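The values are calculated or read from the model by the stated rules, or taken from the named source; none is laboratory data. From a predicted model like this one, the values you see are computed outputs, not experimental measurements. Please note: Cβ atoms are built from the backbone with ideal geometry, for glycine as well, and neighbour counts cover all protein chains shown.
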Amino acid sequence: MERAILHCDLNNFYASVECIKNPTYKDTPLIVAGNPKKRTGVILAKNTLAKSFGVKTGDVIWKAKQICPNLVCVPPDFETYAKYSDAVKQIYLKYTDFVEPFGIDECWLDITNSQKLFGSAYKIAENIKNEVKQKLGLTISIGLSFSKMFAKLGSKLAGNDEINIITKADYKEKVWHLPVEKLIYVGRRRLVQFKKMNINTIGDLAKSDKKLMIAQYGINGEYLIQIANGTEPDKIANYNNLRTIKSIGNGTTTIVDINTFEQAKQVIFYLSEMIAKRLRDKGFKSLCIHLSVKDNELSWVSHSKTFETPTNNAKEIACHSIELFNKTWDFSKQKNLIRAIRIACSGLVSDKENFQTNLFEDTTNKEKTSKADNTIDKIKTKYGDKTIKRALLLSASHINCEASDDFFEEENFE
């Protein structure tokens, strides 16, 4: 049976979710972006109406408002976006276990064998598209093809809420005349090189000299030719085997540059609170902490530390991180100020796993702390993250709570 691969790309995902949250935005040009006063004034997403005015992702807010004065700007709500993304994946998983995410809003699906249960590949694609639209209010562009990369290209060429099919019979007619930069692995630098080699279209790449490409790009040269011909051997990963989390962390760019240890300490505790809660939510403790500091000239410095007893307690994570910070940064010697701090916890183990404790450690106090953490988690889950905070953070006006960027490092990062 010929392979049937779908690439599903949620349309204007962040902006679409915001319009679902607040239906009054439906007929309004809208962008999702940070606050320019907090240095995060870059457009992350725009809805179709904003796009019609010429607003582009990656533009700065002030520039977008010049061409669209009525533009509505809302801050990103990554927690809600993740929930919608997971809900969409659950619909995909009804049809196949072979679901491979590519970012929060895109997935490949191998539905080759699913056709025995659910009908033709096109019918499955149509069912998925309609179900996501009816249940979640989101639309998808779907590419359907015999190869992974042609499926991705198909969704790129499809309109909103459309299915684009590229078959073995018509791929040369549909694909080969397109600019070579339409392919996923052809970025700006490679495009410049291709132009020098007179490779301008996907067809040019498909028919290029294999020996020359291998000499120029190694084994990747042959792979690029395979992509252009739809013969690449890539398989779609099984979703159940994908998400092996290797570390959990958070970072933030502060509203103003940090110039005192007290300010840095507040940021570290703020990030540690968020990381500790995520560790507990996912059932992990950490045996290693990595702290990175970026100065106002955009240079990073970092240190790591491992320890014998794993933790998912915010205070312990913060204390370890402060120790690392003191090795990393000395305000009396540094000429630059701090612009951003990141903390990542790795060496993850199950929070149910038993470890040898320190004989001199106060285990009773640790048990009390653990109970307090769990109680605070329940309150924050029910009433929101801002309902309880440390006294230390009450005066932390330099911390950009809206722009904190969560990151999860995984074996197969989305």
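For region 244-285, filtering for residues that are part of a strand (DSSP E or B), over 19 Å from Leu348 (Cα atoms) and out of contact with any Ser or Thr (no Cβ under 9 Å at 6 or more places or on another chain) leaves 3. Those strands (runs of 3 or more DSSP E) of region 50-144 in which at least 3 residues are of a type outside the set (S, T, N, Q) and touching a Cys at 6+ places or on another chain (Cβ under 9 Å), considering only elements entirely within it, cover 99-101, 106-110.
Among the residues making up region 222-248, those that are modelled with pLDDT of 90 or more and small (Gly, Ala, Ser) are Ala228, Gly230. Only one entry of Gly230, Gly221, Gly203 meets the criterion of being closer than 24 Å to Ser145 by Cα, over 31 Å from the mean Cα position of the chain (by Cα) and surrounded by 17 or more Cβ atoms within 10 Å (Cβ to Cβ), and that entry is Gly203. Just one of the listed residues (Tyr171, Tyr185) is touching a Phe, Trp or Tyr at 6+ places or on another chain (Cβ under 7 Å) and without any contact (Cβ under 8 Å) to a residue 60 or more places away in the chain, namely Tyr171.
Within region 66-80, restricting attention to residues that are at pLDDT 90 or above and not polar (S, T, N, Q), which residue is surrounded by the fewest Cβ atoms within 10 Å (Cβ to Cβ)? Only one residue fits best here, namely Pro69. Would a scan of region 162-183 turn up a residue that is in contact with a strand residue (DSSP E or B) (Cβ under 6 Å, 6 or more places away or on another chain), assigned to a loop (DSSP other than H, G, I, E, B) and among the hydrophobic types (A, V, I, L, M, F, W, C)? No, that holds for no residue.
Candidates Ile61, Ile5: the one that is surrounded by fewer than 22 Cβ atoms within 10 Å (Cβ to Cβ) and in contact with a Gly (Cβ under 9 Å, 6 or more places away or on another chain) is Ile61.
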